[in-house]
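Comments concern the structure below.
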Amino acid sequence: MNSISQRAELQAKIWKIANDVRGSVDGWDFKHFVLGALFYRFISENFTSYIEGGDTEVQYPLLPDDVITPEIKEDAIKTKGYFIYPSQLFVNVAKKANTNPNLNTDLKAIFDAIESSANGYPSEKDIKGLFADFDTTSSRLGNTVENKNSRLAAVLKGVEELNFGGFEDSQIDLFGDAYEFLISNYAANAGKSGGEFFTPQHVSKLIAQLAMHKQTTVNKIYDPAAGSGSLLLQAKKHFDNHIIEEGFYGQEINHTTYNLARMNMFLHNINYDKFNIALGNTLLDPHFGEEKPFDAIVSNPPYSVNWIGDDDPTLINDDRFAPAGVLAPKSKADFAFVLHALSYLSPKGRAAIVCFPGIFYRGGAEQKIRKYLVDNNFVETVISLAPNLFFGTSIAVTLLVLSKHKPDTKTQFIDASGEEFFKKATNNNLLTEAHIDKIMELFDSKADVAHVAVSIDNTKIAENDYNLSVSSYVAAKDNRERVDIVQLNAEIAKTVEKINALRLSIDEIVNEIEG
């Protein structure tokens, strides 16, 4: 089965599940149950594969729980980070889902057991709370146990029917594709929260390539506003595993998306010892200071959110913000995230950050921060993208690429908002592989291309009040029809002659009639 048919089957199956549970969970919260069930099936199959070790004579789901020795369990937890008994596996629970009168409480007990199996082990913080949002006893599933169980069974049976030959053989990103489909169908009813934590896979791919461009190895990759982890995972997809030497790091403030990011790591076979996702406020309680610097940083931070700013006078002494000499405005934290990323960036690395366009031309503190970035030659490229690429917002975002190893003192500007740089689609516009390649070629070559790309000396940017808006430097193409004035005047003169001759003829006819 190819990727197109797999994706179509996935979407059809999710829509069928949605219809089966409609009436109680037909809104945005539905995603927790579908994604949770996908995750439960994945770790069950992944754990089974590990225990069986390729031995076709061993069928772990058929074994009784009591044959598992403490030594087997301990070894498995040290390797995989968690343990699942045969009776707790997705395949065994789903098999009896329609007839199990205790399905909701059994599932809760299983999820609690999987999480607690890691207690006291190095993986504890990576496993704890993973199933928190898959609340099988929630009233959102129904007011009675029977209602809850019937809807849970519908979700489990629906996910069970996905037939891709196992997650390892799938041609698509099951979790990412499922999340994108859920967002596209439910975000309209969910308001801002629908898509704000998710970077579409095609945009993530471009950002990851920008951050890791021409780096044969990176020590580790970091996302200070990790969301569901899609940006970190695109870096894994684009490069062989061994190139990212020490793993994947991220911080996320929202508890639900923090759980999704950790699930996503497991779903992409990134073991607990190869990722570190932290929960907390990146600007006020930053993690991983002891892990920096990072060779690759990718991020899609929230646009223009409020933060404490200069209401906390100690922040101006923070190593991340002090060099700029000013804090980002309290109502627009965008540049606080930019300066945070810059401070975590290694001398050989790059940071690629999705930004709200306004920060590139507004005055005040934001202009002073741009001055700091330009004067210290940290801005490699500014790229304006097409509108309507993200869920929940139609704005045309801008990508900011930071570097500490530029070979010159110029800043590149790329206007990738034209129709040759995106594909129009029903809900959201798309970047195809060809569009991404085209942008990366421009980024790599640094060549000037009329109406598309130009490199400007930093002194010129300083003279322009440190404006970093792409439209200030890349001249828009004039699509108006060119008019030859001389030729137009000649045609007008001929037309006037014809009109005059026609008038004379009419006058002669009138005179004859009257005479």
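The values are calculated or read from the model by the stated rules, or taken from the named source; none is laboratory data. Remember, predicted model here, so these are calculated numbers, not experimental data. Cβ: placed from backbone, ideal geometry, glycine included. Neighbour counts: every protein chain shown. Accessible surface areas use protein heavy atoms only, side chains included; no ligands, DNA or RNA. Shrake-Rupley method; radii C 1.70, N 1.55, O 1.52, S 1.80 Å.
Would you be able to say whether some residue in segment 327-343 is open to solvent by less than 10 Å² (accessible area, probe 1.4 Å) and either at positive phi or at pLDDT below 95 (or both)? Checked against the condition, which is being open to solvent by less than 10 Å² (accessible area, probe 1.4 Å) and either at positive phi or at pLDDT below 95 (or both), segment 327-343 yields no hits at all. Considering only segment 92-125, how many residues are within 21 Å of residue 261 (Cα to Cα), surrounded by fewer than 21 Cβ atoms within 10 Å (Cβ to Cβ) and in contact with a helix residue (DSSP H, G or I) (Cβ under 6 Å, 6 or more places away or on another chain)? Final tally of qualifying residues: 3. So which residues in segment 50-65 are under 16 Å from residue 92 (Cα atoms) and among the charged types (D, E, K, R)? Hit for segment 50-65 is 65, nothing else.
Of the numbered criteria (1) modelled with pLDDT under 95; (2) over 25 Å from the mean Cα position of the chain (by Cα); (3) crowded, with 23+ Cβ neighbours inside 10 Å, the one residue 385 fails is (2).
Candidates in segment 10-33 are the residues that are open to solvent by 50 Å² or more (accessible area, probe 1.4 Å) and not small (Gly, Ala, Ser); of these, the one that is modelled with the lowest pLDDT is 26. Comparison of 256, 314, 282 shows that the only residue that is of a type in the set (Val, Ile, Thr), over 24 Å from residue 210 (Cβ atoms) and modelled with pLDDT of 90 or more is 314. State whether the residues of segment 45-62 include one that is surrounded by fewer than 12 Cβ atoms within 10 Å (Cβ to Cβ) and among the charged types (D, E, K, R). So far as segment 45-62 goes, yes, one or more of its residues are surrounded by fewer than 12 Cβ atoms within 10 Å (Cβ to Cβ) and among the charged types (D, E, K, R).
Checking every residue in segment 284-306 against the condition of being in contact (Cβ under 8 Å) with a residue 24 or more places away in the chain, farther than 29 Å from residue 216 by Cβ and surrounded by 21 or more Cβ atoms within 10 Å (Cβ to Cβ) gives zero matches. Got at least one residue in segment 216-238 being more than 30 Å from residue 442 (Cβ to Cβ), open to solvent by less than 10 Å² (accessible area, probe 1.4 Å) and of a type in the set (S, T, N, Q)? No; the residues of segment 216-238 include none that is more than 30 Å from residue 442 (Cβ to Cβ), open to solvent by less than 10 Å² (accessible area, probe 1.4 Å) and of a type in the set (S, T, N, Q). How many of the residues in segment 64-91 are outside any helix (DSSP H, G or I), within 30 Å of residue 145 (Cβ to Cβ) and either open to solvent by 70 Å² or more (accessible area, probe 1.4 Å) or touching a residue at least 24 places away in the same chain (Cβ under 8 Å) (or both)? Total meeting the criteria: 5.
Condition check ((1) in a helix (DSSP H, G or I); (2) touching a helix residue (DSSP H, G or I) at 6+ places or on another chain (Cβ under 7 Å)) across all residues:
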{"position": "228", "(1), (2)": "no, yes"}
{"position": "235", "(1), (2)": "yes, yes"}
{"position": "285", "(1), (2)": "no, no"}
{"position": "319", "(1), (2)": "no, yes"}
{"position": "323", "(1), (2)": "yes, yes"}
{"position": "327", "(1), (2)": "no, yes"}
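When 54, 36 are checked against the criterion of being part of a loop (DSSP other than H, G, I, E, B) and modelled with pLDDT under 90, a single residue qualifies: 54. The set of residues in segment 139-157 that are touching a helix residue (DSSP H, G or I) at 6+ places or on another chain (Cβ under 9 Å) and open to solvent by 10 Å² or more (accessible area, probe 1.4 Å) comprises 139, 140, 145, 147, 148, 149, 150, 151, 154, 157. From the list 403, 417, the one residue that fits, being among the hydroxyl-bearing types (Ser, Thr, Tyr), without any contact (Cβ under 8 Å) to a residue 60 or more places away in the chain and more than 24 Å from residue 293 (Cα to Cα), is 417.
Going by what's in this entry, would residue 471 be described as open to solvent by 80 Å² or more (accessible area, probe 1.4 Å), modelled with pLDDT under 95, assigned to a helix (DSSP H, G or I) and hydroxyl-bearing (Ser, Thr, Tyr)?
It is true that residue 471 is open to solvent by 80 Å² or more (accessible area, probe 1.4 Å), modelled with pLDDT under 95, assigned to a helix (DSSP H, G or I) and hydroxyl-bearing (Ser, Thr, Tyr).
Looking only at segment 266-283, filter to residues that are assigned to a loop (DSSP other than H, G, I, E, B) and within 30 Å of residue 45 (Cα to Cα); which one of those is most open to solvent (accessible area, probe 1.4 Å)? Within segment 266-283, the match that is most open to solvent (accessible area, probe 1.4 Å) is 269.
Please determine, by comparing only the residues of segment 388-411 that are in a loop (DSSP other than H, G, I, E, B) and open to solvent by less than 10 Å² (accessible area, probe 1.4 Å), which one is modelled with the lowest pLDDT.
Within segment 388-411, the match that is modelled with the lowest pLDDT is 389.
In segment 369-382, what residues are part of a helix (DSSP H, G or I) and surrounded by fewer than 17 Cβ atoms within 10 Å (Cβ to Cβ)? Matches in segment 369-382: 375 only.
Looking across segment 239-259, the residues that are part of a loop (DSSP other than H, G, I, E, B), open to solvent by 20 Å² or more (accessible area, probe 1.4 Å) and not aromatic (Phe, Trp, Tyr) come down to 240, 245, 246, 253, 254.
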